[in-house]
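Here the structure comes first, spelled out in structure tokens, and everything after it is commentary.
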Amino acid sequence: MSATPFVFSVLILQLLFASQPCHRFLAAAADGRWQLLQKSIGVSAMHMQLLRNDRVVVFDRTDFGPSKLPLPNGKCRNDPSDTALKVDCTAHSVEYDVLTNTFRPLMVQTDVWCSSGAIMPSGNLVQTGGFNDGERRVRTFSPCSTCDWQETPNGLAAKRWYASNHILPDGRQIVVGGRRQFNYEFVPKTITANTFSLPFLLQTSERGVENNLYPFVFLNVDGNLFIFANNRAILLDFMKNKVVKTYPTIPGGDPRSYPSTGSAVLLPLKNLKAAAIQAEVLVCGGAPKGSYVQAVRAKFIGALNTCARIKITDPNPQWVMETMPLARVMGDMILLPNGNVLLINGAGSGTAGWELGRNPVLNPVLYKPDNKIGTRFETQNPTTVPRLYHSTAALLRDGRVLVGGSNPHAFYNLTGVLFPTELSLEAFSPAYLDTKFNNIRPTITAPKSMSGIKYGTKLTVRVVITGKVAKNQVSVTMVAPAFNTHSFSMNQRLLVLGNDKVAALGKATYDIDVTTPRSGNLAPSGFYLLFVVHQGIPSKGIWVKLQ
């Protein structure tokens, strides 16, 4: 397709979308539907994190030039080291209130471009690194209606740009890698703070391309870390700084990490009372080897259409390959409350980087991990908004997925480019939210949201289900809210508590007994979304604090 007709079609789609009022549904519900929440929040959603008060912190970078959202009360950021504006009176971060569909500007003091983070056990977002004057910063955002960013200079031992973070069983946060950083460290710092060498990151770095940034990091059920970079992975004992297992290379050997940007999830953890719990990782999409160099030369190679799945707890683990219905690079993978995985956003060719993606993939795809291989993928209804480089997605408490961002340019380019900077927010509602399922949809009445729960104890969840109940198809799940950027949701985790017993109490009310996770290796302490799923249809979640 020639460039001119393509640009024209994209512009037509943009105009059609811009004419839709907020909250209007854009597609039928059979395979999910799209909802425009905000035409513009003034900031491009490059990073996104849901907080325990149902607000989402969003930010991009300070050196984009002025955003479309002024800071309040005449505030300005004075930063002599900023590469775009020394004095900037516009916001580069917002807090989006899910319940009221409103947002307010926030103020970051240093450049957060391509940074990382996670929610600490306290519920605070602790966010690390960035570019330029932000590369060694640690920033904290507390969930409150008037809170703003607080920054700690030199909170990191090393410069962190394109690193990945994860919460550990002891409540600390580990920060792994980053550009030219073949090591890891912990936040907060201690007296013995230092960086710890990780040669694996050097071994997986390709000269001139890297292809190992934003490594996929997951806490395994044995307390070690699964770390994937480029096309292979290790299991790391981070306390002893020792590699305890080396996994095989993905068949085909193509890279899956930034800038060849695929995505990955730790699949739902099940059978949590078993002596040996299995853990599986799914890696999807990316770009074939050499794609970045070719894209810089304006040759856009088709993205990978494969997923690779591996049981990381097996004595002799092997990758199992699957074929997606749509090839995808720069896509996001989001764990849904019922244990399915949503693949969303991204491009059909090219790689991550300025102007390097083409052929937007507008259709999400649902992956059902419990189905037989060959029957796991379902294509969903499309959006009208291309979401390419620097797009984001996050699961909300009501089961929708918040989607934002897309800035394939060095600055805010809203006109005159193939894919304009995207300032809108949308929500994707999976088919399980259709009203036809209301009679089998659980409504949680107890415990109350924000309740505390303890490890390895009985928990009773009370629900109302108006229709006929299939007791053997009732399950309780817990989901950790993730920090999403650059196609990876850090700290994303779903635990299937199942049910020990379902008791009918009359008047469509039921008590579900479950056993909570037994240790921080399975679920680090902190805030989780708790759902009840009946016949694949989830309730709205409630917040619980595991401690």
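Looking at the structure I just gave you, is VAL94 under 24 Å from LEU37 (Cβ atoms) and of a type outside the set (Phe, Trp, Tyr)? Here the answer is yes, as VAL94 does meet what is asked.
Within the stretch 81-104, is even one residue closer than 16 Å to ASP148 by Cα, assigned to a loop (DSSP other than H, G, I, E, B), touching a strand residue (DSSP E or B) at 6+ places or on another chain (Cβ under 9 Å) and touching a residue at least 60 places away in the same chain (Cβ under 8 Å)? No, the stretch 81-104 has no match at all. Scanning the stretch 283-317 for residues that are surrounded by fewer than 21 Cβ atoms within 10 Å (Cβ to Cβ) and touching a Lys or Arg at 6+ places or on another chain (Cβ under 8 Å) returns PHE300, ASN305, PRO317. Filtered by the rule that a residue be touching a helix residue (DSSP H, G or I) at 6+ places or on another chain (Cβ under 9 Å) and in a strand (DSSP E or B), the stretch 513-538 gives VAL533, HIS534, ILE537, PRO538.
A quick yes/no check of all residues on (1) part of a loop (DSSP other than H, G, I, E, B); (2) within 19 Å of LEU267 (Cβ to Cβ):
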{"site": "PHE218", "(1), (2)": "no, yes"}
{"site": "VAL221", "(1), (2)": "yes, yes"}
{"site": "PHE228", "(1), (2)": "no, yes"}
{"site": "LEU236", "(1), (2)": "no, no"}
{"site": "VAL244", "(1), (2)": "no, no"}
{"site": "GLY252", "(1), (2)": "yes, no"}
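Highlighted here are the strands (runs of 3 or more DSSP E) found entirely within the stretch 361-431 that include at least 2 residues which are over 16 Å from the mean Cα position of the chain (by Cα) and not aromatic (Phe, Trp, Tyr): 377-379. PRO143 satisfies every condition listed in (1) free of Cβ contacts under 8 Å to residues at least 60 places away in the same chain; (2) open to solvent by 10 Å² or more (accessible area, probe 1.4 Å); (3) more than 27 Å from VAL221 (Cα to Cα); (4) assigned to a loop (DSSP other than H, G, I, E, B) except (1).
Checked against the criterion of being of a type in the set (D, E, K, R) and open to solvent by less than 70 Å² (accessible area, probe 1.4 Å), the candidates ARG160, ARG207, ARG180 yield just one match: ARG160.
When residues in the stretch 407-460 are screened for being crowded, with 16+ Cβ neighbours inside 10 Å and without any contact (Cβ under 8 Å) to a residue 60 or more places away in the chain, 4 of them pass. For the stretch 537-547, a residue qualifies if it is open to solvent by less than 30 Å² (accessible area, probe 1.4 Å) and farther than 10 Å from ILE453 by Cα, and the qualifying residues are ILE537, PRO538, SER539, GLY541, ILE542, TRP543.
The values are calculated or read from the model by the stated rules, or taken from the named source; none is laboratory data. Small disclaimer: the values here were computed from a predicted structure and weren't measured. FYI the Cβ positions are ideal-geometry reconstructions off the backbone, even for glycines, and counts take in every protein chain you see. Ligands, DNA and RNA are excluded from the accessible area calculation, which covers all protein heavy atoms including side chains. Shrake-Rupley method; radii C 1.70, N 1.55, O 1.52, S 1.80 Å.
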